[in-house]
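The values are calculated or read from the model by the stated rules, or taken from the named source; none is laboratory data. Computed from a predicted structure; not experimentally measured. Cβ placement follows ideal geometry from the backbone for every residue including glycine, while neighbour counts extend to all protein chains displayed.
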């Protein structure tokens with residue numbers, strides 16, 4: 001089995017019925033801002049935001065590092081996608097050339113991807129919104145990557161995205177509030193506490209709505 005296929009096989013297992021299957025379900029259910037109550041690390045630069053409204057994404061990362069406007073690197077990454085994966089794109093500091101557009105979104109959707117996170121810009125915004133594929137980016141541009149190949153590009157390697165190191169198989173969580181990247185171990189460790197906090201919140205809100213004195217509701 002090739003290196004790329006081995007990575008894909010390991011990551012696909014995480015979407016099955018094993019222990020990671022339960023982790024996936026829990027991460028899809030939890031409120032992502034609640035995770036921010038318990039952790040300091042893994043929070044992607046808030047300048048990288050969803051280009052669609054009302055999205056929620058939880059899936060293992062497939063990664064690509066794009067150097068020198070190399071559009072072919074994105075094509076290779078698209079072939080590595082599988083159902084439920086999130087494509088994370090490291091633009092090597094280039095925030096001007098868009099690697100994601102209508103064709104990219106269509107191909108990612110065809111592969112069953114859960115979303116795309118790009119540390120840079122995207123293009124074809126109307127077409128992206130029409131696909132319904134969640135895309136997170138720093139904004140939009142008409143300037144795109146080119147049909148060139150660069151030796152600095154690579155697929156399914158550790159990358160940087162919004163100041164966070166992302167490894168293939170890390171869990172990528174995204175909604176309208178932003179993006180979080182967690183190792184499977186960190187995600188499993190925080191999930192129980194976050195779900196418990198979510199479960200307690202409705203009663204707290206009900207007490208406030210009922211007019212209970214805030215001195216008795218809020219911890220000080």
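Select from segment 116-147 the residues that are in contact with a helix residue (DSSP H, G or I) (Cβ under 7 Å, 6 or more places away or on another chain) and within 23 Å of residue 80 (Cβ to Cβ) and list them in ascending order. Matches in segment 116-147: 116, 122, 124, 127, 128, 131, 133, 135, 145, 146, 147. Any residue at all in segment 182-203 that is in a strand (DSSP E or B) and under 17 Å from residue 64 (Cβ atoms)? There is no residue in segment 182-203 that is in a strand (DSSP E or B) and under 17 Å from residue 64 (Cβ atoms). Restricting segment 75-119 to residues that are out of contact with any strand residue (DSSP E or B) (no Cβ under 7 Å at 6 or more places or on another chain) and touching a residue at least 40 places away in the same chain (Cβ under 8 Å), the residue that is farthest from residue 171 (Cα to Cα) is 96.
Please list, ordered by first then second residue, the pairs with beta carbon atoms under 9 Å, 6 or more apart or interchain, first in segment 201-220 and under 20 Å from residue 35 (Cβ atoms), second surrounded by 12 or more Cβ atoms within 10 Å (Cβ to Cβ) and at pLDDT 95 or above. Note: pairs meeting the criteria are 201/31; 201/34. How many residues does segment 23-34 hold that are in a helix (DSSP H, G or I) and either farther than 13 Å from residue 171 by Cα or free of Cβ contacts under 8 Å to residues at least 24 places away in the same chain (or both)? Selection size over segment 23-34: 4.
Evaluated against (1) over 17 Å from residue 22 (Cβ atoms); (2) in contact (Cβ under 8 Å) with a residue 40 or more places away in the chain; (3) touching a strand residue (DSSP E or B) at 6+ places or on another chain (Cβ under 8 Å), residue 165 falls short on exactly one condition, (2). Within segment 9-34, the set of residues being touching a strand residue (DSSP E or B) at 6+ places or on another chain (Cβ under 6 Å), at pLDDT 85 or above and crowded, with 19+ Cβ neighbours inside 10 Å comprises 27, 32.
Rundown of residues vs (1) within 14 Å of residue 49 (Cα to Cα); (2) surrounded by fewer than 19 Cβ atoms within 10 Å (Cβ to Cβ), yes/no style:
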{"residue": "96", "(1), (2)": "no, yes"}
{"residue": "101", "(1), (2)": "no, no"}
{"residue": "108", "(1), (2)": "no, no"}
{"residue": "115", "(1), (2)": "yes, no"}
{"residue": "121", "(1), (2)": "yes, no"}
{"residue": "126", "(1), (2)": "no, yes"}
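Tell me, please, whether a residue that is touching a strand residue (DSSP E or B) at 6+ places or on another chain (Cβ under 8 Å) and free of Cβ contacts under 8 Å to residues at least 60 places away in the same chain can be found in segment 152-159. Looking through segment 152-159, none of the residues is touching a strand residue (DSSP E or B) at 6+ places or on another chain (Cβ under 8 Å) and free of Cβ contacts under 8 Å to residues at least 60 places away in the same chain.
Yes or no: residue 168 part of a helix (DSSP H, G or I) and over 14 Å from residue 49 (Cα atoms)? The answer is no for residue 168.
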